[in-house]
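First the structure, in the form of structure tokens, and then the observations on it.
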Amino acid sequence: KQWYQRRVRGKAALKSAVEDGKKIPTELKRDAVALQKQIDMDGAADTTLNSVDDEYLYAGVRDPKLVLTTSHNPSSRLKQFAKEVRLILPNCQRLNRGHFVVKDLVEACKANDVTDLIVLHEHRGVPDGLVISHLPYGPTAYFSLSNVVMRHDIPNVGPVQEVYPHLVFHNFTTKLGKRVESILKYLFPVPKDASRRVISFVNSEDYISFRHHVWTGPSSSVELSEVGPRFEMKLYEVKQGTLEQGHVNTEWKLRPFMNTARKRYFIGDEETEG
């Protein structure tokens, strides 16, 4: 019994040290690897989710209703990127930010039964941030954007179809990965089987590659045509509340100093080439 209690206290101390970015206590260094494996197994076993706390419990019952906006004073490039993102998302309305503050935006969205508010950010004219806030209770996910390629920069780009797309998610295997998958998946309504449009979210080393294609030809010889845009997303924070709420619990936050000697991945499994 005393051994079990020491083990429980050791796991709690190690988990707290890793999450807070602190040094591992000296008395735990010898057993740190074994304790971390037990912590990972405990997390994998905890797959139950209380329906009261599941914000997406009734997602799919009705189509999502989205509002897309930008940071204040957007550049022409961010405006163009916002137009292209709006074409990606069915049932999405683009809203000029103007002088609206976040609190007024969220209240207006809630009053009009909007399910998700999406905000795009930029740095010196380059889109570099994406925020998705699920309404009315959260969560809110914060992503950084990189390697953004607009539609007009893709050679031989095809036209964008308005049909609901099929979705492909690859390597969202952890508990956090499933959470991120739900946040992204429920931005889209359920497609029809005949839809020839597909959107892919492919996770590799916690970078999520976004790709948008349509396919042509019979089922025996399908040809994919990229219609863009394309970009990489990296999750850095998930909060339990909505965008305007400042004092809410942080569900997960990327802490670069949490890196260990062996690279840890939080959204999916490590992928080996070959």
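Within the range 107-189, considering only strands (runs of 3 or more DSSP E) that don't extend past its boundaries, which have at least 3 residues that are in contact (Cβ under 8 Å) with a residue 40 or more places away in the chain and within 21 Å of H72 (Cβ to Cβ)?
Details: elements: 116-123, 126-134, 140-149, 166-170.
Those strands (runs of 3 or more DSSP E) span 116-123, 126-134, 140-149.
What are the residues in the range 199-217 that are surrounded by fewer than 17 Cβ atoms within 10 Å (Cβ to Cβ) and more than 27 Å from K253 (Cβ to Cβ), if any?
Within the range 199-217, W215, T216, G217 meet the criteria.
Looking for something at pLDDT 90 or above, part of a strand (DSSP E or B) and among the hydroxyl-bearing types (S, T, Y) - is there at least one such residue anywhere in the range 231-239?
The initial filter retains those residues of the range 231-239 that are at pLDDT 90 or above, namely 231-239.
With the extra rule that they be part of a strand (DSSP E or B), the set shrinks to 231-239.
Within this subset, residues satisfying the condition of being among the hydroxyl-bearing types (S, T, Y) are 236.
The answer is yes; a qualifying residue exists.
The values are calculated or read from the model by the stated rules, or taken from the named source; none is laboratory data. A quick note: this is a predicted structure, and the numbers were derived from the prediction, not measured. Using ideal geometry, Cβ is built from the backbone for each residue, glycine included, and neighbour counts are taken over all protein chains shown.
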